[in-house]
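Each value in this text was obtained by applying a stated rule to the coordinates, not by laboratory testing. Keep in mind the model is a prediction, meaning the values are calculated, not measured. Neighbour counts run over all protein chains shown; Cβ positions are idealised from the backbone, glycine included.
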Amino acid sequence: MAFENLTDRLQSAMKKLRKKGKISEADVKEMMREIRLALLEADVNLQVVKEFTKNVRERAVGSEVLDSLSPAQQIVKIVNEELTKTLGSEAVGLNKAPKIPTVIMMVGLQGAGKTTFAGKLANHLIKNEDARPMMIAGDVYRPAAIDQLKVLGQQLSVPVFDMGTDTDPVEIVRQGMQQAHEKKNDYVLIDTAGRLHVDETLMQELQNIKDVAQPNEILLVVDAMTGQDAVNVAESFNEQLGISGVVITKLDGDTRGGAALSIRSVTGAPIKFTGTGEKLSDLEVFHPDRMSSRILGMGDMLTLIEKAQQDYDEQKAEEMAEKMRENTFDFNDFIDQMDQLSGMGSMEDIMKMIPGMNQMPGIENMQIDPKDIERKKAMVYSMTPAEREDPDLLNPSRRRRIAAGSGNSTIEVNRMIKQFKESRKMMQQMSKGNMDNIPGMEQM
Ligand code: GDP
């Protein structure tokens, strides 16, 4: 996950203050030096670092902070507020057209993640607004781009307008727009071509598409892994084409995160979404305050809750709760539970959104391994229906049979059954509102 190093460094800079009873101006200065280095190391733009540290220092040395009862906490609060400001203060939603369709054009360099984002955005609009989007395949230079968009369209049951690779993209967009008007689609998402670098021909083509499509939104898609380059690209696109928002992709990668922290200040364009993986659901609406608290290691409960709501099948969750209340949680439910968990992404990323959890020892090893889930499912599928419903039937000879049937050892079967029983016990406790005995909870 991005920002890992930065979070550690910022936390350690601020932790030193917490240990002191009284904080002096010199202490603040020392902390600011460490914060400045941490930001520079995270590849944050120099100008942005200067502005940020100046603002924090000015506020932090004010007498109402240093003389307060909890100066260290006040300073953490100031750092959080200034970081939020650097990231854009408020979440900025999509610009909507007064009359349908709202037209959104994706632009950016090749490989930034435009096509993938077009699919993610369509998915997001369908899920959250019950929208009926159409996508236009305007990237005629990378032949695979059209197929990629069509595959995404099929997965989402979203129409994709394309005219192959031999037609001028401006003409494709003109005809696509016409069709969207006829079919009364409420959103038109236009995928455009990228290049390896910003060049004149590309900009001219995008300008022509812009003239024809009159988009409500030009979203620049940038790859967080490219660091300061992403910021330079954003500046050129903004100067030459004018962008209304930025999408930062690949924040799930091991990026230092400087681009995400700099782009708003440098371009003035708000970050609207972030990409956090290759799957269609790996998209987050960008909230500066939540991102700031995540960067500072203070967790992000709101995003976690939204993610759980989106990924979790509500009816299944309700059934599961009912079963817990009635104490009939069985192996069939165990499988459902594992499937739902594996849909939510890595356990490490989930846990880090919980305040205080990023410092829990061993968190980096908490991975949901899809192969492990498949293995456990194979064991459950090797049980008879009666065994699945009544785990007490599983005597040693039945366990041996299940091991042989699923291609595992008896030790592994025993381990899985033990895990099932622990999971059942934990869920019963949670359903009774007793969180005390759940591992890890005592630290919160
Ligand atoms: P385009 O050339 O701008 O259309 O880029 P693509 O949409 O084809 O994306 C390039 C590569 O980046 C593909 O392999 C995508 O799966 C991958 N990708 C896109 N967004 C993300 C993201 O948020 N996280 C990760 N890990 N990979 C991404």
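From the square roots a ≥ b ≥ c of the eigenvalues of the alpha-carbon gyration tensor of segment 152-274, which class results: rounded (a/c under 1.5), prolate (a/b over b/c), or oblate? Cα axes put segment 152-274 in the prolate bin. Here the Karplus relation 6.51 cos²θ - 1.76 cosθ + 1.60, evaluated at θ = phi - 60°, turns the backbone of segment 105-120 into coupling constants of 10, 9, 10, x, 6, 4, x, 5, x, 4, 5, 4, 5, 4, x, 5 Hz, with x for every Gly and Pro.
Its residue count N fixes a reference of 2.2 N^0.38 Å for segment 52-153, and the Cα radius of gyration divided by that reference is 1.73. Placing a label point 7 Å from the Cα of Ala144 along the Cα-to-Cβ line, the residues of segment 153-168 whose backbone N sits under 18 Å from it are 153, 165.
The simple Förster model, with R0 at 60 Å and r as the Cβ-Cβ distance, assigns Asp390 and Gln11 a FRET efficiency of 0.80. Of all DSSP bridge pairs formed entirely within segment 102-299, close to 10 percent run antiparallel.
Cα centroids of segment 1-33 and segment 134-162: 48 Å apart. Simple spin-label estimate for Glu41 and Thr201 gives 4.4 nm between the two label positions (7 Å along the Cα-to-Cβ direction from each Cα). Exposure proxy shown here: for Met338, Met106, Met298, Met31, the number of other Cβ atoms within 10 Å sets the order, fewest to most, as Met298, Met338, Met31, Met106. Length gained on full extension, Lys19 to Asp166: 46.2 nm, using 0.36 nm per residue less the C-alpha separation. Shown for Lys371, Lys183, Lys377: other C-beta atoms within 10 Å of each C-beta, ranked fewest to most, produce the order Lys371, Lys183, Lys377. Near the amide H of Val103, within less than 5 Å, lie the amide hydrogens of Ala97, Val188, Asn216, Glu217, all on another chain or at least 5 residues away, with H placed in the peptide plane.
The gain in end-to-end length when the Glu81 to Asp211 segment is fully stretched comes to 42.9 nm, 0.36 nm per residue minus the alpha carbon separation. Let a ≥ b ≥ c be the square roots of the eigenvalues of the Cα gyration tensor of segment 4-87; is it rounded (a/c under 1.5), or, if not, prolate (a/b larger than b/c) or oblate? Verdict is prolate for segment 4-87. Residue exposure proxy: Thr274, Thr226, ordered by other Cβ atoms within 10 angstrom of their Cβ from fewest to most, comes out as Thr226, Thr274.
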